[in-house]
Amino acid sequence: MHTQLIIFAFEKTKKEEIKKGIKAPSLTHLAKNISLTIEDYSGLAFGEKSLRNYYNSAIKENEETNIKQPKVINALCQYLGYDNYPEFYNQKKILEANDITDNSLKKESQSFNLNRKKIMSYSIIAIIIGYFGYDTTKKDCMIWVNNTHYELISCDKKEDLRSISKDQYILENFRRVKPDSTYPFFKINGAENLWYEKNNTGDLDYFTSYGTHPITGKTLKRITPYMIKTHIWKRFK
C-alpha cells in the first residue's frame, strides 16, 4: 500500500544529498535524514532502522509495504509536497513526471562504471584546462561572511577552506535570519519560506533558502508548523 511512498521519499532524499556533493550516500545515511524529516513534520521520533526495513521491503518484487504509523505516512506525504496520503496516491504520476523518482537506488551495482566514466571525463577536462590556462583571479567561488550571507571571492584563495563554488541562486537568495512571530514562514502558494539546522553550539540557525549549513555542512530542514510553534513562537510568549 505504501511501497511507492517510501521509495519516493528515499529517492528524493538521495537526490538532495547528491546535489549538495555527497556522491554515493548510503542507505543508512538516507534513512537518518528521513528520520529527522519525519520528526520535524510530526514531532514523532521514528528510527532509521525501521525506515531501512521499510525500504528493503518496498524494493522487493511482489511484496507490499504497509506503514503502520499514520504520523509517519502523513510526514512522508508532506515531505513530498502533499497534504495527506489520498492526495499523494491520486497525484503520484505528477511526482513521476517531475522526475522525483530515481531508480538508481535499486541499481547501485552500476555505480562503479558510472564513477569510472566520470573520472575519465574529469581527467580530460583537467588536461584541457591545464593546456589552455585558467583565470584564477576570476571570482568563481563564494565565502560565508559575517555569519549572514555569501560573497564572491577568487578561487585561487585556497588558504580559505570555507570557500565553495559559485552558485548564483545561493548568492542572491541564501541568508541567515532571526525570524520573529511576524516572519512570513510560508509563501502564498504554501511552499516553505524558511529552513533551519542546529549550529555548533546546539542552537537553531534559520535561513531564507534550502541548502546546507555554511558552518556545519548539515542539510537544512524545511520549517514546519510544529517547529514554528515549539521553537519560534515560544520565544515571544
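The values are calculated or read from the model by the stated rules, or taken from the named source; none is laboratory data. Worth saying up front: this structure is predicted, and the values here are computed from it rather than measured. Ideal geometry is used to build each Cβ from the backbone, glycine not excepted, and the neighbour counts take in all protein chains shown.
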Among residues of the range 168-189, those that are under 27 Å from residue 83 (Cα atoms) and assigned to a helix (DSSP H, G or I), counted:
1
Sort through 225, 179, 184, 214 and tell me the only one that's under 20 Å from the mean Cα position of the chain (by Cα) and over 18 Å from residue 19 (Cβ atoms).
225
Any idea which of (1) in contact with a helix residue (DSSP H, G or I) (Cβ under 6 Å, 6 or more places away or on another chain); (2) surrounded by fewer than 18 Cβ atoms within 10 Å (Cβ to Cβ) is the one residue 57 doesn't satisfy?
(1)
If I ask for residues that are farther than 17 Å from residue 58 by Cα and among the aliphatic types (A, V, I, L, M), which ones from the range 8-33 would you list?
18, 22, 24
Set 28, 65: member being at pLDDT 80 or above, under 19 Å from the mean Cα position of the chain (by Cα) and among the polar types (S, T, N, Q)
28
